[in-house]
Each structure stands twice: as C-alpha cells, then as structure tokens.
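The values are calculated or read from the model by the stated rules, or taken from the named source; none is laboratory data. All of these numbers come straight from a predicted model, not from anything done at the bench. Note that each Cβ is placed from the backbone with ideal geometry, even for glycine, and that neighbours are counted across all protein chains shown. Ligands, DNA and RNA are stripped out before the accessible areas are found, and what is left, the full protein with its side chains, is counted by its heavy atoms. Shrake-Rupley method; radii C 1.70, N 1.55, O 1.52, S 1.80 Å.
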Amino acid sequence: METTTRPAIWPWISTLARLGLAAVWLVAGATKVGDLAASARAVNAYDLMSYDVAKVVGGVQPFLEIALGVLLLIGLSTRLTATISAVLLVIFIAGIVSAWSRGLRIDCGCFSSGGELGAGRNTQYGLDILRDLGFLALSGILLWRPRSRFSIDGALMGESS
Amino acid sequence: MSKGNRDRAEKARRIVEQQKAADKRRKVTLWTSVAVVAVLVIAGLVGYTTLSEQDKATTGALVTPASAVDDGTAFAVGTGPVTVDVYEDFMCPICNNFEKQSGATLKQLITDKKITMRYHPVSILDDASNGTQYSTRAAGAAAAAADEGKFTEFHDVLYANQPEENSDGLGNDKIIELAKSVGLTSDKFATAVNAGTYKPWATKVTETFSSRGFDGTPTIVINGTKLTGPKDTVPTTDLITQTIAKAAG
C-alpha cells in the first residue's frame, strides 16, 4: 500500500520532462512543416530509402512530431507518448550513426531542413547523438514515472494534482 | 457487531474500492491510448494529404520550357561529345565559387565543341532568402531566359550579382533589370518573372535532382558519373578537365 509520507518530488520531475520533451517535438516539427520538400530532401540525404519513400516520410514526419508534442504538452497517455518518443529517437540516432559510419557529410535535419553540408562546414554527428540521447533520457523518465502534474492523465484518474 | 467483524467489513470495503480504482485506471489508460493513436493517425493523414495537395498544385501549374532537355529539366549549351551536367542553386555561394573557378574553362570547352553543358537550376536554398524563395524565383527566371535563347548570359549575370545567403535575395524588379543588361528586354520575360510562370518547373527540377540521389550544390556529373574532389569537395578545374579528357577517350 502506498504511504503518504513519500515526498512527491517525482511528479514534478516528470512534469518537467514531459514539457521539455513536448517542446522538443513542437520545435522539431515547426522548423520543418513549412517546407515539406526540404524535409523530404533531408530524409533523402541519409540515403537509406528511395526518394519516393523519403518524400512521404519527410512530408509526414513534421506533422507527427507536432502531434506528439501537443499530446505530451496536454499529458494524454503519457506512458504511450513517451514510448513512441523513445522509439522515434532510437530510429533517429540509428540514422545518424548510419550516416556517420558511411562517411556521409550531411546535416542531421533534426531541427532544420538539413541536407548536405557545404564545403567548410563540419558534420557534428557526435553532438547530434548526444543531444538525442538527452531527449531519450527525458522519455525514459516518463516511461518509468509517467505520473505528472497538470496532465489530462492526472485529471482523468482523479488524482489530486 | 463485534470489533473483528467491523474490521473485516472495513477491509472488504477497501478492497472493493481499490478494485474499482484499478478498473478506472485501466479504462482511462485504454481510452487515452486509443485517443493518442487516433491523433497520430490523423496527423499522419493530414501530412500525407498536404503533401499530395502540394504535389498536385505543382504538377497542375507546371509549364516546361520548350528548349529544356533531359526530361525537360535542364538547358543544354554546346554540342560536344562529353556531357557535363551541373546542378546549381542561384543562392549557393559555393556554386558561385565554382563558376568563378571553372566557368571560363568550361565555356572554352563548349566553344571547342568538346562538351555539352547541361545546366539544372535547382532550388534547395529557398529557406535562405527570408521567405522570398529567391532560389525558386531565380531558377524560374532562368527558364524564362532560356525561352529567349539567353540562358547562359542570364545565368552569368545572376551569379555576378549573387545576393548574400539569408538576405531577401534579388527582387523580381532587380532580376528583370539585370536581365535587361544582358539583352533580355522583352515583356514576355518580365511577365514570366513577375507571374512566376516557371516556379513549379523549378520545383520539378529540384525533385528530379533529389530523386537521382543528389543533395548538395554544385553537383557536377560527367557522362553520368558524379565527380567530386577529395573528401567530397567541389572538384578543381584540373580534375574536371582531366575527367572530361578521359571521358572523351
């Protein structure tokens, strides 16, 4: 049985993680949604799929990112949205690792339309991966402790928040 | 009721309450999960629809310049046996460097009937002109120039007056003014620039470029093989001329 004396610090940490991850997805989606063709080119630059497939992936991805951001922001089914976030991040990290290992010189297209780098600009795969690992950690917190303040989940479960 | 009975009743009541609460949690989890999946599916559909609509708009408004070759996506200059394809964005500073570095040599090779240059004006840097889509406008204007047989002249004057990246780019008025300085004085040209007649065409050229697996400008392709310098750099003029000589056999 739960004790009432445990300090309720985790819901607050989870709240921060939830809002942080929401901001990540919202910004990531917003920077790409205005130019779907550029987003498609960024996916195509990874050279992992045909252009026709990359085009659909690049076109749909920004909308999914924004939707995921909104869902996290309102805190609906936090554990599920955190799981989906984690899966997406793992795919992104795998994509960057793959581009890195093949020696491609591209911008990851994480928060921009990306594409091939111009001369004199360096790749920063290490930093990109590190940053994505940070976001993965936020998802991990939410997976482990999905209960957070100011969430629809909390309101529906009838928790005092 | 004895004290023991009261305790047992209290315990039972609590167990039922806990079960009810667990039931409620399960229900909430189920339905919120369904809602999340629904929202993501809808978002995906919205994305897919937006994409198709944009494609349809481009295809619907597509005007292909009569003189364009290579599936209507390039302009050929010269009649030499070796084909040199160059994919450039008018906003791209590295393309401008490439033009300054190798442009004269390539022109000489055209004059000597050694090569056929095929210019593909792509627009991958539209986000570098504060929303004015300079890359697309410039590529479209180049198509209008090609209509009047002045592609090379117009191409050169645009590079000579290349705007800074992340500026507004050249306005349509400025583009028309520069065109006049190379003898493009017709109203037809000015109208095509102002109306953006060839903007969808520029989008198509860019899509073709991507679908061929290219993603940076300038991309130089000699007889069908992409040529890069060491470490994926732009090839030097020497490397280009050597490769052309080899391709000529």
Using a 1.4 Å probe on protein heavy atoms only, how many Å² of accessible area do A and B hide from each other, summed over both chains and rounded to 100?
2800 Å²
Go through region A:54-93 and flag every residue whose accessible area shrinks by 20 Å² or more with all protein chains in place compared to the isolated chain (probe 1.4 Å).
A:K55, A:V56, A:V60, A:F63, A:L64, A:A67, A:L71, A:L76, A:S77, A:L80, A:I84
The protein assembly as shown: Cα Rg divided by the 2.2 N^0.38 Å rule of thumb
1.32
Picking from A:V56, A:G95, A:L143, whose Cα lies most toward the positive end of the charge dipole for chain A (charges on Cβ: Lys, Arg +1; Asp, Glu -1)?
A:L143
Helical contribution to [θ] at 222 nm, DSSP H n ≥ 4, -39,500 (n - 2.57), averaged over chain B, rounded to 500:
-19500 deg cm²/dmol
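Using the structure shown, select from B:K204/B:K226; B:K226/B:K246; B:K107/B:K188; B:K107/B:K231 the pairs with a Cα to Cα distance greater than 18 angstrom.
Numbers: B:K204/B:K226 20 Å; B:K226/B:K246 14 Å; B:K107/B:K188 28 Å; B:K107/B:K231 26 Å.
The pairs that break the limit, which is 18 Å between Cα atoms, are B:K204/B:K226; B:K107/B:K188; B:K107/B:K231.
Roughly what % of Cα-Cα distances in chain B sit above 30 Å, to the whole percent? Mind showing how you got there, number by number?
Numbers: 12956 of 30876 pairs.
Taking all Cα-Cα pairs of chain B, the fraction more than 30 Å apart is 42 percent.
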Average partner chain C-beta neighbours within 10 Å, per residue of B:207-219?
5
In debye to the nearest 20, the charge dipole size for chain A, taken about the Cα centre with +1 at each Lys and Arg Cβ and -1 at each Asp and Glu Cβ, equals 240 debye
If you put +1 on each Lys and Arg Cβ and -1 on each Asp and Glu Cβ, how big is the dipole of region A:1-82 around its Cα centre, in Debye rounded to 20?
180 debye
Where the accessible area of region B:75-248 is counted over protein heavy atoms with a 1.4 Å probe, how much of it, in %, is carbon and sulfur?
49 percent
Summing -39500 (n - 2.57) over every DSSP H run of at least 4 residues in chain A and dividing by its residue count gives a helix-only mean residue ellipticity at 222 nm, to the nearest 500 deg cm²/dmol, of -22500 deg cm²/dmol
Between Rg and the Kirkwood Rh of chain A, both from Cα atoms, what is the Rg to Rh ratio?
1.06
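Taking the Cα centre of chain B as origin, work out the dipole magnitude from +1 charges on Lys and Arg Cβ and -1 charges on Asp and Glu Cβ, in debye rounded to 20. Don't skip to the end; give the middle numbers.
Numbers: 28 positive and 29 negative charges, 449 e Å.
With Lys and Arg at +1 and Asp and Glu at -1, about 2160 debye.
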Taking a cut-off of 26 Å between Cα atoms, list the lysines near B:K27, but don't count ones fewer than 8 places away on the same chain.
B:K11
Nearest 10, in degrees from 0 to 90: the angle of helix A:36-45 to the longest Cα principal axis of chain A is 70 degrees
Hey, what's chain B come to in accessible area per residue, 1.4 Å probe, Å²?
51 Å²
Using a/c under 1.5 as the rounded threshold, could you call region B:89-199 rounded, prolate or oblate? The axes a ≥ b ≥ c are square roots of the C-alpha gyration tensor eigenvalues, and prolate needs a/b larger than b/c, oblate otherwise.
oblate
Reported to the nearest 10 Å², A:T31 has, with a 1.4 Å probe, an accessible area equal to 70 Å²
Heavy atoms only, 1.4 Å probe, whole protein assembly: order B:E164, B:E10 by accessible area, highest first.
B:E164, B:E10
Placed amide H near B:T116: partners under 5 Å, 5+ positions off or other chain
B:G80, B:V82, B:T83, B:V84
Does anyone have the angle between helix B:3-60 and the longest principal axis of chain B? Alpha-carbon axes, 0 to 90°, nearest 10?
20 degrees
Once all protein chains are kept in place, B:T105 shows an accessible area at probe 1.4 Å, nearest 10 Å², of 50 Å²
Each residue of B:28-41 has, on average, a number of other protein chain C-beta atoms within 10 Å of its C-beta equal to 5
What accessible surface, in Å², does a 1.4 Å probe find on A:M157, ignoring ligands, DNA and RNA and rounding to the nearest 10?
50 Å²
Rounded to the nearest 10, the angle in degrees between the Cα long axis of helix B:237-248 and the longest principal axis of the Cα atoms of chain B comes to 80 degrees
Lys/Arg +1, Asp/Glu -1 at C-beta; region B:74-202 dipole; positive extreme among B:G169, B:F98, B:Y119:
B:Y119
